[in-house]
Each structure stands twice: as C-alpha cells, then as structure tokens.
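> Before we start, here is the structure in question, set down as structure tokens.
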Amino acid sequence: MTCVHLLLTLVFAVSLGTPVEIQGPRGVPLTKKQFYVENKPFTCLDGSRTIPFDRVNDDYCDCKDGSDEPGTAACPNGSFHCTNAGYRTMFIPSSRINDGICDCCDTTDEYNSGAKCENTCKELGRKEREVLQKMTEITKEGFLLKQHLIEEAKKGHQEKQIKVTDMQENKKQLDEKVEVLRTVKETAEQPEKEAKERHLKAWEEQKAAIRLEKDKAKMAEAFLELDDNADGFVSVSELQSHAELDADADGTLTETEAQGLMGGAEQVDMSTFESVWPNIKDKYHSESQPEEPAPVETPPDEVKEPVVDNDSEPYPEDDISEEEDEDDEDEDDYHEDDDKAPPTIKTPEKSHEDEDAMPPYDADTQALIDAAQKARDDFEEAEKALREMDDQIRNIEKELSFDFGPDAEFTYLYSQCYELTTGEYIYRLCPFNRVSQKPKYGGSETNLGTWGSWSGPENNKYLLMKYEHGTGCWQGPNRSTTVKLTCGKETVVTSTSEPSRCEYLMEFTTPAVCQEPANTDLSPHDHVEL
Amino acid sequence: EAGLNAVCPRWRLSVLSKDDNGVVLSLGVKNQRLIVSARPFRLDIMQGPEVLLSLNSRGLLAFEHLRLHKDTDKEEVGLWEETFKSHTDTKPNGPTSISLDFSLPGVEHVYGIPEHADDLKLKTTDGGDPYRLYNLDVFQYELYNPMALYGSIPVMLAHNTQRTMGIFWLNAAETWVDISSNTTGKTVFGKMLDFVQGSSENPQTDVRWISESGIIDVFIMLGPKPSDVFSQYASLTGTQSFPPLASLGYHQCRWNYNDQEDVKSVDQGFDQHDIPYDFIWLDIEHADGKRYFTWDPHKFPQPKEMLQGLMDKKRKMVAIVDPHIRVDSGYKIHNEITSKDFYVKNKDGRNYEGWCWPGNSGYPDFTKPEMRAWWASMFAYDQYEGSMENLFTWNDMNEPSVFNGPEVTMHKDALHGKWEHRDIHNIYGLYVQMATAEGQTRRSGGVERPFVLTRAFFAGSQRYGAVWTGDNAAEWDHLKISIPMCLSLGLVGVSFCGADVGGFFKNPSTELLVRWYQTGAYQPFFRAHAHLDTTRREPWLFGPENTALIREVIRQRYALLPYWYQLLYQAHKTGMPVMRPLWVDYPKDTATFTIDDEFLIGRDLLVHPVTEEGSRGVTAYLPGAGEVWYDVHTFQKHNGAQNLYIPVTLSSIPVFQRGGSIIPRKDRVRRSSTCMENDPYTLYVALSPKKFAEGELYIDDGHSFNYDTKKEFIHRSLTFANNALTSNNLCPNCNFLTSSWIEKVLILGASKPSKVLLKMDGKETPVDFEFDTSMSVLTLRKPGMNAGADWTLLLQ
C-alpha cells in the first residue's frame, strides 16, 4: 500500500510541476500532439497558414481556427484540452484559460492567473465512478424490471384482448336476452294495465254511490234541524234562522232571499226539500257542528295509491334523489322536515281514509301485477348488466388503444397516480390521465393538464409526456405540464418546477425507460492519457 | 434643491444701461446682454443684434398666489376641491399654478423633456395635449404620445445650425409643456417658396411651461455648442455617476427567477452556451411576502450560498427593493419606519397607506434627510441579511406607484412634512434612488461604487445610477422607440439608459428578440427582462442559430467594454451624453436634426440598428462631408454626408467607426467583464482622409472610488499622425498599474509600410505586421507594450 501511495504522490507532483513542456504544447490533446512538433514550422490545423513554432502558444492568435494557441486565451474560437488525470478529459473554451476560475479539475487552465485551484480530479473521478456504477446498477435492475413490465403488459394485453372477445360474445347473448325479456315484459304489462283500469273504474263508481248516500243522510239531517217546529215542513222563516245562507252577504237572510232559495214556495216537505238542498248545502252550517269547515274534496291525483308500487319507471326518481343527496345539507334538512310534516297536516284526512282509500286489488289483478313486476325486474336487471358490460368493453378498448410504448412497457402506469409533496403543494401525476396540484394546507385542486401525447425528441418520443389544457391562468395560457422520464428502479415523481408561468415541468423515474446496459468497461481510462 | 448640485457658480451682472422702463445687463460673455423691460414685463437675451431667447414675450406669465379659503368666495368648480374618478383632492391651498412662455427665434428643433414615448424631435402641441411631466406607473404605455410616463426631467434643448441652448424649469410638481412653431404645417416646398420670395419670416418656436404649484425657477443655458449646454446643465445638476465596469456588461433579468436552483441553472446555461453575462436579477418574488430586504425562505433559503456561487464565477446579482413598505407589525423595516415616524402622511396627519405589491403599504418619506440616512443604513451587510458585496439594487415603482391611488400614484394632498405631495411628486423617485445608492456606497465604507437602477427619475437622477424605459412591450414599435427615448434622456444628463431587451409584456418573435439584442447591445444599459406571464426566453432557447446570433452580439458588446467605460468616464467628468443624436457631433448638418433611428456612441461609433420586421436592408445616414466611416465588421470604407443603403441579414448589425478615431477593444471575450480585467487591448485605428486619428484609453480597477479619491487610474491619449501612433499620459500625477498590454493594432485605411518600429524606453524594436490590400488594413502583430506605458509606433 505504501508503495502505491508513494507512486501516486509522485505522479501528482509531476503533473503539478511543468508537465506541459514535456508533454508538448499546453492544451493540446494527445490525438493532435503529432501536429505540434517542437522547433518545426506549425501549420494551422485548417491549413490556412504556416508559422514558426515559437508562435505556437505565444499568446497571440495567428491562425483563423485558433489552433496555434491551444494553451492561451488569445484566440476567440480556441479550445483548451485538460487531461484531468483521474477524471474525464475535457475541452474548455480558450476564454476560460487564466480567467481566475478553476475549470479543469487538474488546475491546468489556471497557470498564470493567481487563482488558487486544487486538483480535484481524483475525487471527481471517484464520485463519477460511484455515480456511474450506481447508474449502471440502476439501469441494470431497471432494465430487468422493464422486461418484467413488458412481460406483464404483454400478458395483460392478451388477457384483455381475450376478455374483450369473450365479453363481446357475452354481450351478444345479453343483447338477445334483453330483447326477449322486453317482449315478456310488454306481454305481461298489457293485461296488468287492463286489470288495473278495471279495478280503478269499479272503485270510482263505488265512491260515487257512497257520496250520494252521504249527501242524502246529510239532507235528511238538515231537514230535521231546519224543521224547528217539527211539522214536517221547512218554512221560509225556519230557513231565515240560518244567516250563513245569505246570498248578498249583507249579514241577514231576508224573506225574499229565503223564498228564492226555496224555489218560491212558502214551505217545503221532505221530498220537495230535495230540490232546495242543492241551493243551500254548500253554505249550510249544521247546528250540531257549527265550527267544522266544509270537507275538502281530496283531489284525484293525490289519491293514495295502493300499497303495491306499480310505477313502471323507478329509475328517474332514483336518479333525482341521488343527485339531491349530493346537494347541500340544508336541503337534506328540508327533506327531513317534509317527511315529518305530513302526519300533522294529513291528520283530518285520516278519518276519511277508510272510505277514500282504494280497496286492495282482487287476487286476479294482483297476480297480473305481480307477474308484470317480475317481468320488469328481470328486464331491468338484464339491461343493467348489458350497460355494465358495454362500459367494461369500452374501458378495456380505451386502455388497449393507448400508446404504452414500443413494448407496452408503460402499461403499468395506467390508472395509477403518483404524488410529490413540496413546500407548498401536493403534486399528483396520473399517467395517461392528468396532472394536478393541491395546496398542502387546504384549498382546491388545480388541473395542470390532461393527457396529451408523447413529446420526446424524434429518436425517442417516450422520454417526455405532455399534459395540456389544464386550468386557465389569469391573463395567461392554460396550464400544461411536461413530464420528463428517466430510468430508475422506482416509479416516483422526483421533482416539479414551473420554469415559465403556468408551464410545469415534472421529473419522473420509471424502469420503463431504462435502456439495456451497454457492455462497457467501467474502469478509469485516465491511464491512456498518462 | 435635491435636483441641483451643491455648488453652483454665480456672479453679479453689470448694468450697461437703464431707462424708465428697464435695464440692460451684461451677461459677462462677449456681447451677450439681458434686456429687462418692465411694462409689459419681458426678458430678452441678446447676442449682438440677435435675440436668442425671450421670456414672457407672449405675456403668459401667470402666478396664482397662495390664499386662504373664505366662505364668501364665489365657488368655482375645481378651485378648492377636485375629483378624479373616485378620488378627491382637497386642495387646501386652492389653485396655485404658475406659468411662463419662452420664445426661441431662429429655432425649429427642440428636444428633451423626457420621459415620453415619442420621437426625438419634439412635436408642436397645437390642438392637442401638451407634453405632460408627472411620474406615473403606466400600464402598457402608448407610443407617439405626449402622455406622462415614469420619470420627468423638465429640461428642453433648442438647436439650430448656429447655437444650442437649454431651458431648465426647476419644478417637481405636475408640469405641462406646450410647443408651437410658426413653421408648423409648412411643407418643404412652402419653406422654399418663402425663401425664394424672400418673404420668409424667421422661423420661431414658442414654448409655454405650466406647473401646478411652486415657484418659477428657471435656468437658461446659452451654449453655444451642444457640449457647452451639456456642461452648463452638468454644473447645475451634476453628471452621470461613474458606474462599476461590470454594470456595462450584459444583465439577465426576468420576473422572476423562481428559486436558487433556477438561478443556478440559468447561470450554468450561460456557461454551457458560452455567452458572457455579468448580472442576474431577482424581481419582487424573491422577497418574503414582498417584504424588501428579506428573502423567501422556501425559494431562497441560502442567499449567501447563491451569491457566493455567482462570485466564484466573478458575476453579480441585483435584487429589487421597492419603496412601498408592507404594513405588517412582524416586519422590521415597517416597525422601524413607524417608530421613527418616517412615513408620508395623509392630509389628516395619519400615516398614508396605499395598495401595492405587498397589499396594504406605507410610503417612507424619502424627502426627509434623516429618513434617507436611515434607509441607507439598511443596506449595511449586518442589516440586509443575506446580502454580499456582489449584490446590487433595483428601485422600481418609485413614481411612487399606488395601485388604488389617483392615476395609480399618491394623493396630491398627502403630506411630506409641511409640503404637499403635489409640490414634490416628480422628485420622490430621485430621492429613493439617492438613498439607495448612498446605502450601497456606505456599506463598503465609501470604497465601492454603487449600482442602482431606477424607473422614476427627475433632473439630477443621473448622479445615482441607471434608468430604464419601464414596462415596454414585445413589439417592433417598442424596439424602435427605445432609441429616441434613450437619446432624449442622454440629452438631459441621463446617459446610463436602456430598454427591456425583448420587451417586458408579451412574447417576442424570435426575429424581434434577436434584433432587440442587437440594438440593446449598442445602448448604454443592456438588460433583458420579461413579464411573469411570458414564456422563458434565455438566449439559448430559440435554436442553435439564434443562440449563435445572440452570443455574437453580446460578445461584440463585451469587446467594446473599454470604449463604453471610457465614455461613461467622460460623461461623468463632462456631462457629455454617451448615446447621442447625430446632431450633437454634427450640429451644422441639418440632415441630422430629426434622425432618431440611428445614433452615435460617443463621437466615434455610429449605429443603425435594424428595427423593421423582415428587413432586407437599411439606409443609414453617414454624416460629415469630407469624412469617412469604416464598417466595423468588414472594415469597408464609406464616405460621409451620404445616405448609405446597407443590405442586411439576420446577423447584420450596421455599425461604423469614424475615420479619425481610435477605439480600444478587448477582443478576448470571457464569461464576465471581471474575468477580462487583465486582458490585453487591441487598438482599432480608423484613419481620416488626412491619415489622422485620435482616441483615449481609460483604465482603473473597475469598481472602487479610488480613481477619484486616490487618482488610481490610467488616462492616455492615443494619436496617429505623421505615420506614428503615440500614447501620451493625460494624467501624469495619476498612478495605477495594469497588467493589460497592447496585443494588436489595426490601422484601417492605411498604406503598406516597409517597416514598423516600436519606440519605448529609448529603445527601438521592430514589430511584425501584415497588410490586407483589399481593405487597406494594416495589422501590427503583438507590439506587447503595457497599456499604461508611453510609447510610439512608427510606420516607415
């Protein structure tokens, strides 16, 4: 070990001394050394002229191509070669020679500027080798992972295609089934409709008869009440005691008015009262129940349906209620109130319910209804299944239509999302879908672009993804994001930035872009230059 | 008095004669007299039988004296209160305006009174608005319009073939200038007819100045040469500050470089593309919540690390410090200003508050000397955290801009001590820059020169740094107008002027951007800047060909830095503008009087930038009968006093060197000006037809006041005469050592010598040379003498 160390020190010392004199003109790379022969006239490398050798590196530019001053800053277009033993050799523009800034790690560019440069080549070389090694490992592992991803994608692709084929076959069957069930449903609904109509009609007739009965009873009751002297006749004066019957609303029922109501007669018997009753029954207050308001006729459309719900289209209502559920809580409260309210309002009606409620369907009708309902349920179920099948097929077909790379290696990113949290925001990349940004401490999400296209350079468009048409910027363009893909073992968003306003740049590592590692020798190549 | 120099020469006038109605006074110079007439009152300045200038000859002198508001007064609308939109000006002193007229017999061309986005030659204002001077933060300003912009310099120059004069109306209140002329509307033919018929009345320009308040305080500068007017005006308001050499390099700015990482990668971009630059700039987003003197803790957590990184590359940074201060009890600057009671007050005596970038803001009263001293102390390294010696400052929004104020500025009845804002409005911005520059000087113990850019300005602002033309737009017309705008400023003392390269608002086309770099590289202050909403436009983002074009022109700028620096030194010493209209050096050539699409840099370079889209050629006027001009790129010689058509491509920048001049260049362009400090010079000797040329060479350390305090500089005259080029010391008692040397001498328009000898230290040594017959260019190879030495090169 000691020997090796000593040797290294020696080499180091020599390179810090005046190695250029020994090596040939300063700043010339090994490959061009042959053109610079000590004490022989030098011909500019572009062949433009020949000059004495003492004009090479004499700090004056003689050659148009700058080749006579490889080691000075004299030529505006010259370049300086640093050997950088232990690290990479490098060319720098001549203008960086002796400018007081250390550019070459071997310090050779600052030989006359007073800049205190340290030889950092060994360290840089070590670091670079480490990085390279790490990169190679990553690339190697990444590439293996990529193979795996390709396999998976291939398998997945095949599976999906088979699945789609299967599904399309199933869909055909479903289509047929839906049609059959539709016919069954329609066939069952016709007799159901007829039976229900019959039932309704019968009930209407029955209700009319009952109403008539009730009216007659009321009339009889009223006759008895009005016939104060119980002489079997209602007289004009007896009628006058009921001021509410006053036609001109002046508060009193005059004799003439009363007589008018009685069709001009002085008094009427029970049977004639039948013709008077229609004139007064709307206003007539029974003496026994003076405060009771006139019974309100329930409008026909509010007639309580029978227990069995025979509504043939349940979906629209369901949809509405779902939407409303998503709305404000206020509205939910309102609904709750609604639910609670009816009992109090409807209480008086309850007493009439027995007579107003439609009687249950008879067994035959009910049977028809049950049969039709079953047919409807069956049909709907089949139709829903068909719709779901369609969706599935569409989704798979959409997925299959994406360009997931030459070997479908990007397939695995589909329907995934990756997040990166920065100081202020959480960035979210959902490949082939969208990019978004959400403030870390609350606030709404901003769309930074939806999937546009691959937009890398011509030789490999799969190195960049473009997401476009995001949320518009105030007085600016719509937000867009470029995603730069680099090889990595992990699939991670590594950084985000906004180089121009509303144009985002996201860095993303994935094994899917790892290239097959070249079979190169990684050992340091500095010895060549030494 | 801030506009004025501290010491102003003055002397007594002697009475020549006197009668009941007036006196005749001698002005001390030759046969110049001032005739004072009492009824009607007027002043006439005469030279011999000629009237040079008359005051109040039209009787427009007006003076609304201060008075108390009495309830018994008849109310006239606007007299004691005015409203503009939703703003009310309480006008506690009532109307206070002043006015005076000036007549200029024999004058058809007047210039100056910036800032307006208009032609160099001022137009008559008959039937239109007068030129307005009222510092305003104008959003997307209109061109060819007398509307007020960000700065005001109430100085007008009048010029004819015989004489140049100036009028300095010292008033910082809102000011209007009306111009009329008796030759307006006359066609060239009409003028000719007058001439032939001999009926021509003498052309005359009449000017009327009106200010809202203050006193009539006027300085007349009688010339007679343009350079005399410049030095006369300089004796009143001082000269251009001598900036650090690096600030003449290229500045890369954008609203905003987002974070330290961004700064680093832009810095590296310049090196990767081998483009020089000296300053990178940070706009308002760098500060923590727009609290100036602070750094955003997330984006710029380690400002010193960033500045050190730039320093390692010999580069610098500018960070913005605006004069509106966030009202925030957690902000040191605000708290100190509050406790020291340094804020401007509103009419009720409470702190004036307005809306600006940080939200609710206070405005320090920069008219107070104690306030300025305190502000200056805030730039000390221990006060301004994260600052280092390579951090400089930019004062924006110092009109002052008040988003919710009348015309986006401060209410006129706000109070600066006992003075209303209306009285001092136009000088507020000057004081901001003054205090900032003072702070930068003080932080180095008075050793280092400051660099401060300002948007608002007033007469005298030239003493404190650079000025730019505000928020222009990426449009060809805005590129064009940058020339007359900076020329007008140069005429009234402000030499260090530039426009945002590329245009601030909107995105420039690639062609416009390239043309703007080509123009900006030949204007004194060379900074690219862009609005937050624009796409990135660093020079390498437009393909390799355009990168190469931009690189080339920035390199041309850097090669010429020795010349620029020498011109700034000259401006600092004499008041001569750096970027000049042609008529300044060709005052008798009427063809030059209205030219503002080309200009001179110093006396020796003529630039005609290409400012038309898709241009295939430009016609440049080369002045000077019997003179010659050399194309600086090809060395082709052209005769003076001609309109020269120059075919152009996208790479063309028509620039000519005057025959008879010597320009020193540093042709080894490096990544920043500081890197070029010790590099050798190449002398470009452009011979006149009489085989004569002269020039100067100025060298100092580039950044300190030692040139002034210790006479540490080299100033040499270079003369080519009788086939000998000689370097003579212009300052024998100066001492400065340079390691720069003369690497090459190019003599344009030379004939081939048989031998060239260098005479130095009593020795003669032969010098190698080459001669290019086609262009008559003699190149002397590596004469090698130190740039500070005495020497002669003999051509035999």
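The values are calculated or read from the model by the stated rules, or taken from the named source; none is laboratory data. Source: prediction; values computed, not measured. Positions of Cβ are generated from backbone atoms using ideal geometry, with glycine treated the same way; all protein chains shown enter the neighbour counts.
> On the basis of being at pLDDT 90 or above and surrounded by 12 or more Cβ atoms within 10 Å (Cβ to Cβ), does A:Arg198 make the cut?
On the way: at pLDDT 90 or above: no; surrounded by 12 or more Cβ atoms within 10 Å (Cβ to Cβ): yes.
It is false that A:Arg198 is at pLDDT 90 or above and surrounded by 12 or more Cβ atoms within 10 Å (Cβ to Cβ).
> Among the numbered criteria (1) within 14 Å of chain B (Cβ to nearest Cβ); (2) surrounded by 14 or more Cβ atoms within 10 Å (Cβ to Cβ); (3) not acidic (Asp, Glu), which single criterion is violated by A:Trp474?
The number of the failed condition is (2).
> From A:Leu181, A:Leu174, A:Leu149, A:Leu145, which residue is within 29 Å of the chain's Cα centre (by Cα) and in contact (Cβ under 8 Å) with a residue 60 or more places away in the chain? Can you show your working first?
Details: A:Leu181 fails: within 29 Å of the chain's Cα centre (by Cα); A:Leu174 fails: within 29 Å of the chain's Cα centre (by Cα); A:Leu145 fails: within 29 Å of the chain's Cα centre (by Cα).
Residue meeting the stated conditions: A:Leu149.
> Still on this structure: So is B:Tyr331 within 14 Å of chain A (Cβ to nearest Cβ) and at pLDDT 95 or above or not? Before you say what the answer is, go through the steps one by one.
Details: within 14 Å of chain A (Cβ to nearest Cβ): no; at pLDDT 95 or above: yes.
In short, no.
> Anything in the range A:79-91 that is within 12 Å of another protein chain (Cβ to nearest Cβ) and either out of contact with any His (no Cβ under 8 Å at 6 or more places or on another chain) or at pLDDT below 95 (or both)? List them, or say none.
Looking only at the range A:79-91, we keep the residues that are within 12 Å of another protein chain (Cβ to nearest Cβ), and these are A:79, A:91.
The answer is A:Ser79, and nothing else.
> Please specify each residue of the range A:92-102 satisfying the condition of being at the interface with chain B (Cβ under 9 Å from one of its Cβ atoms) and either among the β-branched types (Val, Ile, Thr) or under 16 Å from B:Ile275 (Cα atoms) (or both).
Matches in the range A:92-102: A:Pro93, A:Ser94, A:Ser95, A:Arg96, A:Asp99, A:Ile101.
> Determine whether B:Thr454 is polar (S, T, N, Q) and either within 14 Å of another protein chain (Cβ to nearest Cβ) or surrounded by fewer than 24 Cβ atoms within 10 Å (Cβ to Cβ) (or both). Write out each step before concluding.
On the way: polar (S, T, N, Q): yes; either within 14 Å of another protein chain (Cβ to nearest Cβ) or surrounded by fewer than 24 Cβ atoms within 10 Å (Cβ to Cβ) (or both): no.
Here the answer is no, as B:Thr454 does not meet what is asked.
> Being in a helix (DSSP H, G or I) and either touching a helix residue (DSSP H, G or I) at 6+ places or on another chain (Cβ under 7 Å) or among the hydroxyl-bearing types (Ser, Thr, Tyr) (or both) is true for just one of B:Arg537, B:Arg515. Which residue is that? Step through it out loud before you land on a result.
Values: B:Arg537 fails: in a helix (DSSP H, G or I).
Criteria check complete, one pass: B:Arg515.
> Still on this structure, I have one more. Go through the range A:50-78 and give me each residue that's without any contact (Cβ under 8 Å) to a residue 40 or more places away in the chain, crowded, with 19+ Cβ neighbours inside 10 Å, more than 10 Å from chain B (Cβ to nearest Cβ) and out of contact with any Cys (no Cβ under 9 Å at 6 or more places or on another chain).
Those that are without any contact (Cβ under 8 Å) to a residue 40 or more places away in the chain, crowded, with 19+ Cβ neighbours inside 10 Å, more than 10 Å from chain B (Cβ to nearest Cβ) and out of contact with any Cys (no Cβ under 9 Å at 6 or more places or on another chain): A:Val56, A:Asn57.
> Quick one: in the range A:35-49, of everything that is touching a Ser or Thr at 6+ places or on another chain (Cβ under 6 Å) and either in contact (Cβ under 8 Å) with a residue 60 or more places away in the chain or not in a strand (DSSP E or B) (or both), which residue is farthest from the other protein chains (Cβ to nearest Cβ)?
Going through the range A:35-49, the residues touching a Ser or Thr at 6+ places or on another chain (Cβ under 6 Å) turn out to be A:41, A:43-45.
Those still in the list that are either in contact (Cβ under 8 Å) with a residue 60 or more places away in the chain or not in a strand (DSSP E or B) (or both) too: A:41, A:44-45.
On the way: A:Pro41: 15, A:Cys44: 14, A:Leu45: 20 Å.
Checking each candidate, the answer is A:Leu45.
> Go through (1) under 14 Å from B:Tyr141 (Cβ atoms); (2) in contact with a Cys (Cβ under 8 Å, 6 or more places away or on another chain) and name the single condition B:Ala473 misses.
Against the list (1) under 14 Å from B:Tyr141 (Cβ atoms); (2) in contact with a Cys (Cβ under 8 Å, 6 or more places away or on another chain), B:Ala473 comes up short only on (2).
> Now, a different point. Whether any residue in the range B:623-639 is in contact with a Lys or Arg (Cβ under 9 Å, 6 or more places away or on another chain) and closer than 30 Å to B:Gly445 by Cβ is what I want to check.
No, the range B:623-639 contains no residue that is in contact with a Lys or Arg (Cβ under 9 Å, 6 or more places away or on another chain) and closer than 30 Å to B:Gly445 by Cβ.
> Which count do you get for residues in the range A:479-514 that are among the charged types (D, E, K, R), within 14 Å of chain B (Cβ to nearest Cβ) and part of a loop (DSSP other than H, G, I, E, B)?
The qualifying residues number 2.
> One residue is enough: does the range B:678-693 have a residue meeting the conditions within 14 Å of chain A (Cβ to nearest Cβ), in contact (Cβ under 8 Å) with a residue 60 or more places away in the chain and over 22 Å from B:Gly784 (Cα atoms)? Please lay out each step first, then the result.
In the first step, residues of the range B:678-693 are kept if they are within 14 Å of chain A (Cβ to nearest Cβ); the result is B:678-682.
Add one more test, that the residue is in contact (Cβ under 8 Å) with a residue 60 or more places away in the chain, and what stays is B:678-682.
With the extra rule that they be over 22 Å from B:Gly784 (Cα atoms), the set shrinks to none.
Within the range B:678-693, not a single residue is within 14 Å of chain A (Cβ to nearest Cβ), in contact (Cβ under 8 Å) with a residue 60 or more places away in the chain and over 22 Å from B:Gly784 (Cα atoms).
> Restricting attention to the range B:540-560, which residues are away from chain A (no Cβ under 11 Å) and either touching a Gly at 6+ places or on another chain (Cβ under 7 Å) or outside any helix (DSSP H, G or I) (or both)?
Across the range B:540-560, the qualifying residues are B:Trp540, B:Phe542, B:Leu560.
> Only residues that are more than 27 Å from B:Gln232 (Cα to Cα) and touching a residue at least 60 places away in the same chain (Cβ under 8 Å): list them for the range B:145-161, please.
The answer is none; no residue qualifies.
> In the range B:239-274, which residue that is in contact with a Leu (Cβ under 8 Å, 6 or more places away or on another chain) and not in a helix (DSSP H, G or I) is modelled with the lowest pLDDT? Write out each step before concluding.
So the first thing to find is which residues in the range B:239-274 are in contact with a Leu (Cβ under 8 Å, 6 or more places away or on another chain), and the list is B:240, B:242-243, B:245, B:248-249, B:255-257, B:263, B:267.
Now drop any that are not not in a helix (DSSP H, G or I), which leaves B:240, B:242-243, B:249, B:255-257.
Working: B:Gln240: 98, B:Phe242: 98, B:Pro243: 98, B:Gly249: 98, B:Trp255: 96, B:Asn256: 92, B:Tyr257: 96.
Ranking the qualifying residues of the range B:239-274, first place goes to B:Asn256.
> Condition first: in contact with a Gly (Cβ under 8 Å, 6 or more places away or on another chain) and at pLDDT below 95. Can you find one or more residues in the range A:1-22 that meet it? Before you say what the answer is, go through the steps one by one.
Going residue by residue through the range A:1-22, those that are in contact with a Gly (Cβ under 8 Å, 6 or more places away or on another chain) are A:20.
Filter once more, keeping what is at pLDDT below 95: A:20.
Yes, there is a match, as at least one residue in the range A:1-22 is in contact with a Gly (Cβ under 8 Å, 6 or more places away or on another chain) and at pLDDT below 95.
> Just to be sure, is A:Leu386 more than 14 Å from chain B (Cβ to nearest Cβ), farther than 17 Å from A:Leu174 by Cβ and not aromatic (Phe, Trp, Tyr)?
Numbers: more than 14 Å from chain B (Cβ to nearest Cβ): yes; farther than 17 Å from A:Leu174 by Cβ: no; not aromatic (Phe, Trp, Tyr): yes.
Answer is no for this residue.
> Within the range B:507-539, take every residue that is of a type in the set (A, V, I, L, M) and within 14 Å of another protein chain (Cβ to nearest Cβ) and give me the one that is surrounded by the most Cβ atoms within 10 Å (Cβ to Cβ). If you could, list the steps in order and put the result at the bottom.
Residues of the range B:507-539 that are of a type in the set (A, V, I, L, M), as a first pass: B:512-514, B:521, B:528, B:530, B:532.
Narrowing further to those that are within 14 Å of another protein chain (Cβ to nearest Cβ): B:530, B:532.
Values: B:Ala530: 26, B:Leu532: 15.
That would be B:Ala530.
> Tell me, yes or no, whether the range B:756-770 has at least one residue that is in a loop (DSSP other than H, G, I, E, B), under 30 Å from B:Asn706 (Cβ atoms) and within 14 Å of chain A (Cβ to nearest Cβ). It would help to see each step written out before you state the result.
To start, the set of residues in the range B:756-770 that are in a loop (DSSP other than H, G, I, E, B) comprises B:761-762, B:767.
Still in the list and also under 30 Å from B:Asn706 (Cβ atoms): B:761.
Filter once more, keeping what is within 14 Å of chain A (Cβ to nearest Cβ): none.
No, the conditions are met nowhere in the range B:756-770.
> Which is surrounded by fewer than 24 Cβ atoms within 10 Å (Cβ to Cβ), among the hydroxyl-bearing types (Ser, Thr, Tyr) and farther than 22 Å from B:Met676 by Cα, of A:Thr89, A:Thr107?
Exactly one residue qualifies, and that residue is A:Thr89.
> Tell me the residue from B:Leu780, B:Leu794 that is closer than 21 Å to B:Asn728 by Cα, assigned to a strand (DSSP E or B), within 41 Å of the chain's Cα centre (by Cα) and more than 14 Å from every other protein chain (Cβ to nearest Cβ), please.
Values: B:Leu780 fails: more than 14 Å from every other protein chain (Cβ to nearest Cβ).
From the options B:Leu780, B:Leu794, the qualifying one is B:Leu794.
> Let me ask another. Being surrounded by 17 or more Cβ atoms within 10 Å (Cβ to Cβ), out of contact with any Phe, Trp or Tyr (no Cβ under 8 Å at 6 or more places or on another chain) and not in a loop (DSSP other than H, G, I, E, B) narrows it down to one of B:Tyr630, B:Tyr621, so name that one.
B:Tyr621
Conditions tested, residue by residue: (1) outside any loop (DSSP other than H, G, I, E, B); (2) more than 29 Å from B:Phe230 (Cα to Cα).
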site	(1), (2)
B:Ile45	yes, no
B:Leu52	yes, no
B:Ser57	no, no
B:Leu60	no, no
B:Val77	no, yes
B:Trp80	no, yes
B:Asn93	no, yes
B:Leu122	no, no
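> Name the strands (runs of 3 or more DSSP E) wholly within the range B:307-362 that hold at least 1 residues that are among the small types (Gly, Ala, Ser) and within 30 Å of B:Ser673 (Cα to Cα)? Working first, answer last.
On the way: elements: B:316-320, B:353-356, B:359-362.
Hits in the range B:307-362: B:316-320.
> In the range B:300-320, is there at least one residue being buried (at least 20 other Cβ atoms within 10 Å of the Cβ), touching a His at 6+ places or on another chain (Cβ under 8 Å), within 14 Å of chain A (Cβ to nearest Cβ) and not acidic (Asp, Glu)?
Within the range B:300-320 (the criterion being buried (at least 20 other Cβ atoms within 10 Å of the Cβ), touching a His at 6+ places or on another chain (Cβ under 8 Å), within 14 Å of chain A (Cβ to nearest Cβ) and not acidic (Asp, Glu)), the answer is yes, since at least one residue qualifies.
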